[in-house]
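Structure first, then comments.
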Amino acid sequence: MPVIGLLSTTSDTITARLRAFRAGLAEIGYVENVAIDSRSADGQLGRFPALVADLVRRQVSLIAVLGSAAAALAAKAATQTIPIAFGVPVDPVKLGLVASLPHPGGNATGINFFTAEVMAKRLGLLRELVPVATRIAVLVNPANVGRGALTRAELEPAARVLGLQVQFFDASTNPEIDAAYATLVRERPDALFVSSDTFFTSRRMQLISLAARHALPAARRRSAYSDHRNEPSARVSGSLSRCRSLAPQRRLARGF
């Protein structure tokens, strides 16, 4: 029986991602005739090389990467023979995952989520909802190198078009999120933009609580992978969220 190694950044997103991925496999006839070995980095991107190395030792038939450029790069560095199917938010050509979009070459292929356009739209929505805002703080995860660079590259020109000033704050751990908010309280920006990052999604309750405590309007990505029934509403927390569809995970599985 073939085995697919499935990589995800956090454990709280992998269940729904795995469900969507299995649904995609079922659509092409793979129901009980394929096994899935799922691995989570638990928010620590530096764990991906070790996780991938273990999958390579197991000689899995395919490595599937859902949503993480760091995981895709780790897989690409670890093997040139095992097929890699990825779904990433960053241009895979710029990342070095593929030679080109029409002719990827090598052992990796997949989907680009094109989140750059979505980030600009999120910033525009935040501007519409807080029309008096001119100074926007942007929270980025420096451990997620590809995503952080993309956020900076796309938001700065979008902010100029909207007449906004953006200031970036780094956070890759819970204490660093608290420290970033402490700085925000002192500097008092008009609103907060939380970059699309699985780490921040996994810490959404902490971010919502801090935004509500300090009465700071915030825009963040709402993940489709987790149960949000117990989250405070946007009206209570002062946060604007956009939800990403699970459809790319199904398409990735069908493409396999």
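Nothing in this text is a laboratory measurement; each read-out follows from the coordinates by a stated rule. As the structure is a computational prediction, the values presented were derived from the model and not from experiment. Using ideal geometry, Cβ is built from the backbone for each residue, glycine included, and neighbour counts are taken over all protein chains shown.
Take Asp170 and Asp91, extend 7 Å from each Cα along the Cα→Cβ direction, and tell me the distance between the two endpoints in nm. Between Asp170 and Asp91, the simple spin-label model gives 2.4 nm. Simple rule: put +1 on each Lys or Arg Cβ and -1 on each Asp or Glu Cβ in the stretch 1-132, find the dipole, and look at Ala35, Pro104, Val3; the Cα lying farthest toward the positive end is Pro104.
Were the residues from Lys121 through Ala35 laid out at 0.36 nm apart, the gain over their Cα-Cα distance would be 27.1 nm. Ranked by the mean number of other Cβ atoms within 10 Å of their residues, highest first, the peptides 206-213, 170-177, 195-202 come out as 195-202, 206-213, 170-177.
Given a Förster distance of 25 angstrom, what is the FRET efficiency for Ala99 paired with Arg58, based on the Cβ-Cβ distance and rounded to 0.05? Rounded to the nearest 0.05, the efficiency is 0.35. Annotation: extensible slack from Glu27 through His214 equals 62.6 nm (criterion: 0.36 nm per residue apart, minus Cα-Cα distance).
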